[in-house]
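The values are calculated or read from the model by the stated rules, or taken from the named source; none is laboratory data. Only a predicted model underlies this, so the values are computations on that prediction, with no experimental measurement involved. Ideal geometry is used to build each Cβ from the backbone, glycine not excepted, and the neighbour counts take in all protein chains shown. The protein model used for the area step is the full one, side chains on, heavy atoms only, and it has no ligands, DNA or RNA in it. Shrake-Rupley method; radii C 1.70, N 1.55, O 1.52, S 1.80 Å.
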Amino acid sequence: SGKTRTATEFIIGAYKEMKCTKPVLCLDNEKGSRFLIPLFKKAGIQAIVKDTVNLADIIQALEFLKSGEVDFLFIDSLTKIYYKFVKDYKEKNHRSFMRLMDWGKILPAWQEEFSDRFVNTEGNVVFTGRGGFEYEKEDDTTDEHGNVTEKGSYVKSGFKMKIAGETPYETDLNI
């Protein structure tokens, strides 16, 4: 909770510290922009908002950033963009659920269509995403002969972002 507000405060601080002058482009699918615009306005920062869940809009926004039309791109939330990406794949391929072979196609497609572009874009991008748990398997218990007497269970060991594989680790800073 508080992802949108935290990201907004971060953007405002970084924008001022970096002495930016161009607008912040907010791609909003969480309906948080109605609360953000007054915060940006109070800070003297022009914010442009587009409500979207489409990856094509993200790609176009990265181009606006690259061309210098905006100083910051704020995507709230990238998770919903990813879920729409998966949904579109399922509809195109007439799937009601994802099979293992589908993930072998969709993960590289996401890498190519989003992650590679994101990493190669110069500029300031902040995005939020839904959290999930990381799990770790506890060690098995063995007797003096090395026989397993009790299987180790899976326990929550941390948090991660619920987006395709490597995406949360493509950023320079994770909060």
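Tabulated results
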{"read-out": "Linear extension gain, GLU17 paired with GLU69, 0.36 nm per residue minus alpha-carbon span", "value": "16.8 nm"}
{"read-out": "Rg [Å, one decimal], Dmax [Å, integer] - the stretch 5-104, C-alpha atoms", "value": "16.2, 50"}
{"read-out": "FRET E, pair GLU122, THR149, Förster distance 41 Å, beta-carbon r, rounded to 0.05", "value": "0.15"}
{"read-out": "Alpha carbon centroid spacing (whole Å) that separates the stretch 77-151 from the stretch 38-58", "value": "27 Å"}
{"read-out": "The stretch 1-54: trypsin sites (Lys or Arg not before Pro) falling in loop per DSSP and having at most 15 other Cβ within 10 Å", "value": "LYS19, LYS31"}
{"read-out": "Those chymotrypsin sites (Phe, Trp or Tyr not before Pro) in the stretch 1-105 that DSSP places in a loop and that have at most 12 other beta carbons within 10 Å", "value": "PHE97"}
{"read-out": "Heavy-atom accessible surface of the stretch 1-135: percent carbon and sulfur, 1.4 Å", "value": "54 percent"}
{"read-out": "Cα-Cα over 28 Å, subset of LYS3/LYS50; LYS80/LYS151; LYS3/LYS87; LYS19/LYS50; LYS41/LYS80; LYS42/LYS66", "value": "LYS80/LYS151"}
{"read-out": "Pairs of alpha carbons in the stretch 19-70 whose separation is greater than 17 Å (percent)", "value": "38 percent"}
